[in-house]
Amino acid sequence: DEFFGGGLTIRATMDPDLQKEAAKALRTGLEAYDRAHSPWRGPAAILPAEALKSGEGWREALSGLTLARDIEDWHPAVVLEVGDKTARIGIEGVEADADGHFLSFAEENEWAKNREDSDGNKTPMRKPSDMWAVGDVIYVKPERDEAGGVTRWTLRQIPGIQGGFMAMDTNTGRVLAMQGGFSYQESVFNRATQAMRQPGSSIKPFVYASALDSGYSPVSIIIDAPIEIDTPQGLWTPKNASNQYYGTAPLRIGIEQSRNLMTIRLAKEIGMDVVADYAERFGVYDNMNTFLANALGSQETTLFRMVSAYAMFANGGERVEPTMVDRVQDRFGTTIYK
């Protein structure tokens, strides 16, 4: 009751400008990956035929749909007519000009190429009717000239891949920007704080930090050669990403070039219990299992924890606790949380 009705003033750590750039950067990357690897997956929804009978009836029907409307410069739209080379569309919040708005099949098919159904089957698209049908609800984005005028509308789709982004001040722990996915309205799951993912090679600095504190130096010689580990599940034979072996090398080369086999040997020599203790002290895990595979990042954690842990390196080893609220004041201006 106090939170919703007490007239509180909450001062967040977020920088609005950085947050906008974070959202833009993550969306750009996810969309580029999706367009390079995924075909057109079809409309976001389909309007019933009766909604299209009257001239502007589609606007009311479209406004009633639950769609992602928080993506900068994207607009929900509906396909009104499908021709031989183009599709005429109606765009939410945009008045139609004398000729109407259109999508070019030839230009959109450059990246879409195929259409994929819910079972993953792909069908080549050879004409506009293969790609669109009247009533399809889609997303579009304008392309603009130097003066800011719209030159054409382009087709968009919510990526099938997701990601997270986090930026924080390494000295104070203030979280300056955080993006938990492509669109909050499309999915409220925060992939920066909630998604458990394998950190992979980003765990290696904690392995090497524990080695340095255990008496190793940057010039300590480690063998980069094949190794076999007997596990309850069978024989494990880790490899370098390059599938090559490089013989003896200084410890510093192991982290500079992210050598898996050097890292495994190092973790085996100093003991995974020591590595686990360091990873836990840095806050990467609450309880790290002492399996050698975890020295290569097989145990899951969150982006939030990894950024916090790396901030401690940047902060000279001092613990940094991420914060997203600077302070909270009541309606009289009294600080009740800092």
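See the values below:
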read-out: Filter result (more than 17 Å from Tyr278 (Cα to Cα), more than 27 Å from the chain's Cα centre (by Cα) and surrounded by 18 or more Cβ atoms within 10 Å (Cβ to Cβ)) within segment 183-223; value: Ile222
read-out: Test: residue in segment 65-76 that is under 28 Å from the mean Cα position of the chain (by Cα), in a strand (DSSP E or B), modelled with pLDDT of 95 or more and under 22 Å from Gly160 (Cα atoms); value: yes
read-out: In segment 224-269, the residues that are hydroxyl-bearing (Ser, Thr, Tyr), assigned to a loop (DSSP other than H, G, I, E, B) and surrounded by 12 or more Cβ atoms within 10 Å (Cβ to Cβ); value: Tyr245, Tyr246, Ser258
read-out: Test for Trp40: is it touching a helix residue (DSSP H, G or I) at 6+ places or on another chain (Cβ under 6 Å), under 16 Å from Pro159 (Cβ atoms), surrounded by 10 or more Cβ atoms within 10 Å (Cβ to Cβ) and touching a residue at least 24 places away in the same chain (Cβ under 8 Å); value: yes
read-out: Of all residues making up segment 105-130, the number that are open to solvent by 90 Å² or more (accessible area, probe 1.4 Å) and under 27 Å from Leu65 (Cα atoms); value: 2
read-out: Some residue of segment 92-104 being open to solvent by less than 60 Å² (accessible area, probe 1.4 Å), touching a residue at least 60 places away in the same chain (Cβ under 8 Å) and touching a strand residue (DSSP E or B) at 6+ places or on another chain (Cβ under 8 Å); value: no
read-out: Lone unmet requirement of (1) closer than 30 Å to Ile89 by Cβ; (2) under 13 Å from the mean Cα position of the chain (by Cα); (3) crowded, with 19+ Cβ neighbours inside 10 Å for Ile138; value: (2)
read-out: Segment 270-307, residues that are open to solvent by 60 Å² or more (accessible area, probe 1.4 Å), in a loop (DSSP other than H, G, I, E, B) and farther than 28 Å from Tyr246 by Cβ; value: Asp286, Asn287, Asn289, Glu300
read-out: Test for Thr28: is it β-branched (Val, Ile, Thr) and under 30 Å from Gln329 (Cβ atoms); value: no
read-out: Considering residues of segment 308-338 that are β-branched (Val, Ile, Thr) and open to solvent by 30 Å² or more (accessible area, probe 1.4 Å) only, the residue farthest from Lys268 (Cα to Cα); value: Thr334
read-out: Residues that are part of a loop (DSSP other than H, G, I, E, B) and not hydrophobic (A, V, I, L, M, F, W, C), drawn from segment 82-116; value: Gly83, Asp84, Lys85, Glu92, Gly93, Glu95, Asp97, Asp99, Gly100, Lys113
read-out: Filter pass, Val274 being among the hydrophobic types (A, V, I, L, M, F, W, C), farther than 30 Å from Gly7 by Cβ, touching a strand residue (DSSP E or B) at 6+ places or on another chain (Cβ under 6 Å) and in contact (Cβ under 8 Å) with a residue 60 or more places away in the chain; value: no
read-out: Whichever residue in segment 310-335 is touching a Leu at 6+ places or on another chain (Cβ under 8 Å) and over 20 Å from Gly173 (Cα atoms) and, among such residues, is modelled with the highest pLDDT; value: Gln329
read-out: Residue pairs meeting the criteria (Cβ under 7 Å; at least 6 apart or on separate chains; first on the phi < 0 side of the Ramachandran plot and touching a residue at least 60 places away in the same chain (Cβ under 8 Å), in segment 220-234; second surrounded by 10 or more Cβ atoms within 10 Å (Cβ to Cβ) and polar (S, T, N, Q)); value: none
read-out: Filter result for Gly120 (of a type outside the set (Ser, Thr, Tyr) and over 27 Å from the mean Cα position of the chain (by Cα)); value: no
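The values are calculated or read from the model by the stated rules, or taken from the named source; none is laboratory data. This one's a predicted model, so the numbers in the text were calculated from it and none came from an experiment. In this analysis, Cβ positions are derived from the backbone assuming ideal geometry, glycine residues included, and neighbour counts consider all displayed protein chains. We work out accessible area using only protein heavy atoms, side chains counted, and drop any ligands, DNA or RNA first. Shrake-Rupley method; radii C 1.70, N 1.55, O 1.52, S 1.80 Å.
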